[in-house]
Amino acid sequence: MNTQAPHPLERTLRTPADLAAAGLIAPEDVPGVTAVSARYATAIPAALARLIAGGAPEIARQFVPDARELNTAPEETADPIGDARHSPVKGVVHRYPDRVLLMPTLTCAVYCRFCFRRESVGPSGALTPSELAGALDYIRAKPAIWEVILTGGDPLVLSARRIGAIIAALDAIPHVRIIRIHSRVPVADPDRIDDALIAALKRTKKAVYVAVHCNHATELTCKVIAACARLSDCGFPLLAQSVLLKGVNDSVGALEELFRALVAARVKPYYLHQLDYAPGTSHFRVPLEQGRALVRGLRGRLSGLAQPTYILDIPGGVGKVPVTAEYLSPEGDGAYIVQDSEDGRHFYPPAAPQREDISLA
Ligand SMILES: *Cc1c(COP(=O)(O)O)cnc(C)c1O
Ligand code: SF4
């Protein structure tokens with residue numbers, strides 16, 4: 001009988017001690033990481049921990065807590081895209097007439113250190129059955145809702161039984177025609193894309209799109225590619241959402257490699273997100289001007305299939321606009337005036353000077 005604890009790289013790492021035991025942080029970083037983990041949720045599932053242990057700095061940077069997360073820049077806010085302003089009932093964000101976000105849980109398989117909802121995500125975030133029923137009632141009562149986007153948190157951390165129940169409930173609402181699932185699970189824990197999950201997603205004949213969050217080509221391991229292939233073979237069109245991140249994918253070469261790898265895995269790059277002004281993320285921020293130059297560098301060099309829309313969520317809950325001259329006018333010093341889709345004009349602050357060298361540890 002084997003009574004030993006599992007090897008540190010065979011289970012999800014959640015504490016600074018776990019991270020140190022697995023060799024993902026140095027012993028002298030434990031105090032700084034402890035302060036960060038007390039503030040923001042931490043979890044690194046085995047598949048990603050093994051990639052990091054094998055030497056993948058772009059992966060480590062996205063998931064290993066860092067003392068710089070305790071530096072909040074003046075332009076950073078707890079609810080950068082204004083979810084709260086547009087939440088009519090718990091678990092629903094309704095900003096655009098034809099589509100809503102439904103967040104059945106705020107738990108994730110892995111916690112990205114740059115998350116735009118980092119102030120609300122965490123391990124105890126599931127809706128209660130009556131809250132979920134209330135959210136579904138809201139959707140049922142609004143015939144203008146054509147699409148429901150399951151997000152969170154990560155909806156695919158729920159059991160197949162609970163996911164299947166949500167899909168079946170949405171299937172029964174005639175005006176809901178499209179279900180979209182935003183998830184990091186295919187990358188973070190590809191083993192979860194199993195028969196039970198596929199059966200749960202098949203509890204409707206409506207279109208079910210899966211938008212995978214993926215920021216670096218290294219994330220697309222054989223297992224991840226196999227998980228994507230399985231979803232695709234089962235009839236679920238795949239999209240990718242990526243976030244432009246300093247030190248992860250802020251070069252034309254890294255973006256080109258990522259988008260080519262996604263298309264080859266039958267995943268269509270959908271959005272490249274400008275990083276939102278979430279607290280403690282300034283060490284990840286690529287200024288808009290530099291992002292625009294990178295995206296220009298991809299044009300002409302890369303198949304149209306592999307070109308996502310570079311997108312900005314206007315701070316405060318105004319909505320998303322493409323990062324193009326049509327929507328943005330420079331105000332000098334990195335600031336912009338952003339025009340929304342209804343001709344409202346909004347000030348977009350410049351990124352604070354980067355504090356790359358400052359450590360609070
Ligand atoms: C991003 C977002 C959506 C989806 O926008 P698309 O442009 O359709 O991908 C919907 N609702 C809210 C509140 C959002 O933040
Ligand atoms: S998976 Fe999404 S919601 Fe969860 S921490 Fe990462 S970015 Fe945030």
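Values quoted throughout were computed directly from the atomic coordinates according to the rules given, and no laboratory measurement underlies them. All values reported here derive from a predicted model rather than from experimental measurement. Backbone-built Cβ (ideal geometry, glycine too); neighbour counts: all protein chains shown.
Between their Cα atoms, which of LYS90/LYS223; LYS90/LYS320; LYS142/LYS202; LYS268/LYS320; LYS142/LYS268 are more than 26 Å away from each other?
Listed pairs above 26 Å: LYS90/LYS223; LYS142/LYS268.
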Rounded to the nearest 0.05, FRET efficiency between LYS223 and GLU257 (Cβ-Cβ, R0 25 Å) equals 0.85
Length-normalised contact order of segment 265-356, Cα under 8 Å, at least 6 apart, in percent, tallies to 27 percent
Simple spin-label estimate for ALA144/ILE198, 7 Å along Cα→Cβ, in nm, reads 3.9 nm
In the chain, taking the dipole from +1 charges on Lys and Arg beta carbons and -1 charges on Asp and Glu beta carbons about the Cα centre, the listed residue (VAL92, THR34, GLY319) farthest towards the positive end is VAL92
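Going by average Cβ neighbours within 10 Å, how do the peptides 235-241, 120-126 rank, with the highest at the top?
Values: 235-241: 18.3, 120-126: 16.7.
Final packing ranking: 235-241, 120-126.
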Quick note, the chain: a/c under 1.5 would make it rounded; otherwise a/b > b/c is prolate and the rest oblate (a ≥ b ≥ c, C-alpha gyration tensor); here it is rounded
Taking 303-315, 39-51, 215-227, 332-344 and ranking on average Cβ neighbours within 10 Å, highest first, one gets 39-51, 215-227, 303-315, 332-344
Percent antiparallel among DSSP beta bridges confined to segment 241-361, nearest 5, equals 65 percent
Full extension between ILE311 and HIS175 adds, at 0.36 nm per residue less the Cα distance, a length in nm of 46.2 nm
Magnitude of the Cβ-charge dipole (Lys and Arg +1, Asp and Glu -1) of segment 84-348 about the Cα centre, nearest 20 debye, reported as 580 debye
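Over the chain, what is the relative contact order in percent, taking alpha-carbon pairs closer than 8 angstrom and at least six residues apart?
16 percent
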Only helices counted: for the chain, with every DSSP H run of 4 or more residues adding -39500 (n - 2.57) and the sum spread over all residues, [θ] at 222 nm is -8000 deg cm²/dmol
Relative contact order of segment 8-70 (C-alpha contacts under 8 Å, at least 6 apart) in percent is 41 percent
